[in-house]
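A short reminder: the numbers here are calculations on the coordinates, not readings from a lab. Here the structure is a predicted model, which means the values were calculated and not measured. Counting neighbours? That spans all protein chains shown, and the Cβs are built from the backbone with ideal geometry, glycine included.
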Amino acid sequence: MLLSCRCLDNVADVNSFEFVSPLKFTEGDLPELYFQLFDLSKDRGDRFNSPGRRYVPAVGSILQIHLLSIDDSKEIFRFATQPFLTDSSIWMIQLQQNDIIRGSVGIRLELTEGSKVTHGYVANAISVDPMTNMDSTMDWRGGYNPRSLPRQ
């Protein structure tokens, strides 16, 4: 098995969601992050379909999600929950107020099914836009951008 996941957005139930890549939100938001597990060794992709088959783990499985950061001190570990009893391929984690997450984020997965442990990885699965208080007349160095000022 080649464990992977796809990020979900606008999740209402097991039949109402969208696949997104990457999952996007703004720094400071506390979204619920939904994922659907896939086995990429199944079903080769073609020009109409992504590779992989939805993976339903054994009852009682545990999924640990590790949100990777370029700064090791800001990495986030969470045990995921299964929000829907009728589809155990969908998992969810909740970000917390003290979680610092910025930029492009990879996901490392660790799925434990009894004594069997399977690992997976998804690069750039999440994109977090920075929250900024700079207005449009400021440039990235904090000075005024003369091209954004009104002409006289």
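For the pair M1 and D43, the difference between a 0.36 nm per residue extended length and the Cα-Cα distance amounts to 13.9 nm.
Put simply, the amide H of A125, placed in the peptide plane, has neighbours under 5 Å in V105, G106, I107, leaving out anything fewer than 5 places away on its chain.
Distance between the modelled labels on Q64 and F79, one decimal in nanometres: 1.1 nm (7 Å Cα→Cβ projection).
R53 to E113: FRET efficiency via 1/(1 + (r/R0)^6), r the Cβ-Cβ distance, R0 22 Å, to the nearest 0.05?
Computed FRET efficiency for R53 and E113 comes out at 0.85.
The slack between S104 and F19, meaning 0.36 nm per residue of separation minus the straight C-alpha distance, is 28.9 nm.
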